[in-house]
């Protein structure tokens, strides 16, 4: 039997299929089902159609969380890409201690998120913030900055931490992409009289684009569904100003015990993510086929 | 010695195994042995230590059980109970806060026999303990303790601005706080999403102005003149007298801020004072005296509708999925026996007030006058959802932090009318929804 290619392929795929079914397909289908019932913790509930979805779209906190998620993902992605690319270009040069610097750059990405976020929480602490202490000592401020207590500043703070954590991923992935570009191309462009910017824009960037798209795709998915960072820093506060889809779903589903409504909130991010994924995969294929 | 050959061994073990399989139950010695109890990390760490080192080993000996105690941050109890119920496995006994037992009623064992017996033997439960744990037909959990919420304040600082007695009304508190903030010692109060200090302030504050989420018949009446007055007052009070960082505080921030000498007063359990008793050399006043000599406690000030309180309340739920319900019940009975409960109660030094009235007579209350206000905490407190019952809907409003957020939104700049309207709509969705 193993000599027939089709059968062999099938049997080799079985473990992966089983794992995907068990850990991806089943929870997803169950989540969809849950969102169509009125289940609360400890009570299975019964089918109620789309009532949970109409309820959440009528919920002002949900609308805030949805808007926050888009802003949070959009702003941090731009910063992560710009800073990550800049860092990758710098790291692609030759300098002494290159290997060490590259290893250190990865630190924010390697440290468990909860741990590093707790450190940030101390730095943003309303009473004992080290930033406030520093600015005060430098006579830049004369009253405390309310990092996590002011709605706009709280949002800016969580974005800052997300960018800090995400830049290394961009930098290292883009660096790997940069290293696959043949130096001859740069040389040829230089001989033809292209300046630094022209070489970047007409040689580096087009060749780096497929890698960039994949990195951005992963990053958007992860940022869109971010949870730990916001949960640790603000818990969605002050007064729901920093709730994202995931943290609000958690508060409703796990905190308040309204499992079906929590599932509906989680699923609400699915269409947006699906669109992003479909668009980017289509774009990557187009670039590759050129 | 009787001969025990291979054949006999197989016969006996085979029969035993068949018996176990037929009864679908593990042998008694394997299943009755352990009770898994989960509770919060006590703000008086000495009490958890006492439980681990002395009380639980004694209980184990007396009952022939092993009690596994697990302690977690108070904010993590709800996620834990939800996942335990959904997966049908987890700790046998869960500590729950306030009216949360109403949220998990379907997954609780009817524990009326244990709770009623304790209440009857110990002078009766306080009203708030009963309404948080009893749905009218049965007890869903056994009342454990009331963490009295009082304002801890720095006596000397209030004296400096002309208050030899703690302010009686919100207006006086506002004036005092304004003067103290100008001197660099604001009032510290959280309006964040945290289980204890946020709702135990925002609910009684609302009630003291005459506002409430529902009336006695369960009709949502939050959007009222009284509520609006309370929100308007709060916006100025916050700006003039409070540490504005409080919007991002959890239950531990005010303890740290008070102990580091940055705030003059905060609503809290007695944990701040108890910590200063424990470490007199570490916590000092500006003049170098131990901070414990400069702390007093007071109930929340009075509003136009009177003086109110809402204390963090704890009870223990025996989970329906528990494989050792008998053992867990026996443990609860043993633990609440005054002979055994006494050592734990004394170790709390008044941080926890027991749920039954007989404990008001305990000599511990005479030892330290600073702790005396906590003795009667159980008599004063109301339950979330007042003037309605402390039911599932009230628990939902509480866990969504709607009342606290109403004030938080207003102090962040939303018009008071809009904040009240927003909260009224959110509360209505909970009470009138499916």
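Details
- Residues that are touching a residue at least 40 places away in the same chain (Cβ under 8 Å) and either part of a helix (DSSP H, G or I) or more than 9 Å from chain B (Cβ to nearest Cβ) (or both), drawn from segment A:120-151: A:120, A:121, A:151
- Filtered by the rule that a residue be assigned to a helix (DSSP H, G or I) and in contact with a helix residue (DSSP H, G or I) (Cβ under 7 Å, 6 or more places away or on another chain), segment B:72-82 gives B:78, B:79, B:82.
- A single member of B:195, B:166, B:201 is farther than 28 Å from residue B:75 by Cα and either at pLDDT 95 or above or not in a helix (DSSP H, G or I) (or both), and it is B:166.
- The lone criterion from (1) surrounded by fewer than 18 Cβ atoms within 10 Å (Cβ to Cβ); (2) in contact with a helix residue (DSSP H, G or I) (Cβ under 9 Å, 6 or more places away or on another chain); (3) closer than 30 Å to residue B:109 by Cβ; (4) free of Cβ contacts under 8 Å to residues at least 40 places away in the same chain left unmet by residue B:282 is number (3).
- Counted residues, segment B:83-100 - those being more than 16 Å from residue B:196 (Cα to Cα) and either in contact (Cβ under 8 Å) with a residue 12 or more places away in the chain or part of a strand (DSSP E or B) (or both): 9
- Qualifying residue in segment B:107-129 (condition: closer than 29 Å to residue A:39 by Cβ, within 14 Å of chain A (Cβ to nearest Cβ) and in a helix (DSSP H, G or I)): yes
- Of all residues in segment A:37-59 being in a loop (DSSP other than H, G, I, E, B) and at the interface with chain B (Cβ under 8 Å from one of its Cβ atoms), the one that is surrounded by the fewest Cβ atoms within 10 Å (Cβ to Cβ): A:58
- One residue alone among B:96, B:69, B:50 is buried (at least 21 other Cβ atoms within 10 Å of the Cβ), under 23 Å from residue B:269 (Cβ atoms) and either modelled with pLDDT of 90 or more or in contact with a helix residue (DSSP H, G or I) (Cβ under 7 Å, 6 or more places away or on another chain) (or both), and that residue is B:96.
- Hits in segment B:123-162 - residues which are surrounded by fewer than 19 Cβ atoms within 10 Å (Cβ to Cβ) and within 29 Å of residue B:272 (Cα to Cα): B:127, B:130, B:155, B:156, B:159, B:160, B:161, B:162
Okay, residues lined up against (1) without any contact (Cβ under 8 Å) to a residue 12 or more places away in the chain; (2) under 25 Å from residue B:267 (Cβ atoms); (3) in the same structural domain as residue B:101 (by TED's automatic domain parsing):
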| site | (1), (2), (3) |
| --- | --- |
| B:322 | no, no, yes |
| B:325 | no, no, yes |
| B:337 | yes, no, yes |
| B:369 | yes, yes, no |
| B:374 | no, yes, no |
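The values are calculated or read from the model by the stated rules, or taken from the named source; none is laboratory data. What you see is a predicted model; the values in this text were computed from it and never measured. Virtual Cβ from ideal backbone geometry, glycine too; neighbours counted across all protein chains shown.
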